[in-house]
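Take a look at the structure below.
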Amino acid sequence: MNVARNLSIIARHGGRIANAARFSPSSMRCVSTLYCAAQTAHNGATIRNRRHLSDDGGSHSDFQPKRKVEVPEDVKEAMQMIETHIKDNPIMLYMKGSPAQPMCGFSAKVVEVLRREGCDFGSVNVLDYPSIREGIKQFS
């Protein structure tokens, strides 16, 4: 199926993709890009980058991101602690939460894989130690 035909099928359904299963993924990428561009040109609007949507300044202060914990300026101590952790443990996991109670899906999956493989590993809850959380970014 060609892109022009896909675009006309979508246009006939009021812009809704009625039966997406019959379109190939590459064809759908082209169609969705063309359709968005056509809608933008037709409406006279501009597409804004997603990251700029929150920068409008019109948001109430309750909804603006806030840092819960002040990150210490001295990350040198954290870097030394990280080096010690890595030397003492063959596998060191810096995660959100603990292995017994992960605080995010990625941490839970990593713990699950390490346990399934029977790996001994050390862990640090980076939510409790903001200096280590910042230090590990620089260390890696």
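The values are calculated or read from the model by the stated rules, or taken from the named source; none is laboratory data. This one's a predicted model, so the numbers in the text were calculated from it and none came from an experiment. No Cβ is skipped: glycine too gets one built from the backbone with ideal geometry, and neighbour counts run over all protein chains shown.
Before moving on, here are some points about what is shown:
- The residue that is modelled with the lowest pLDDT, counting only those in the range 86-140 that are of a type in the set (S, T, N, Q) and either within 22 Å of the chain's Cα centre (by Cα) or in a strand (DSSP E or B) (or both), is S140.
- Residue list for the range 89-140, restricted to those being more than 29 Å from K76 (Cβ to Cβ) and polar (S, T, N, Q): Q101
- Checklist (1) closer than 27 Å to A108 by Cβ; (2) modelled with pLDDT under 90 applied to E70, failing item: (1)
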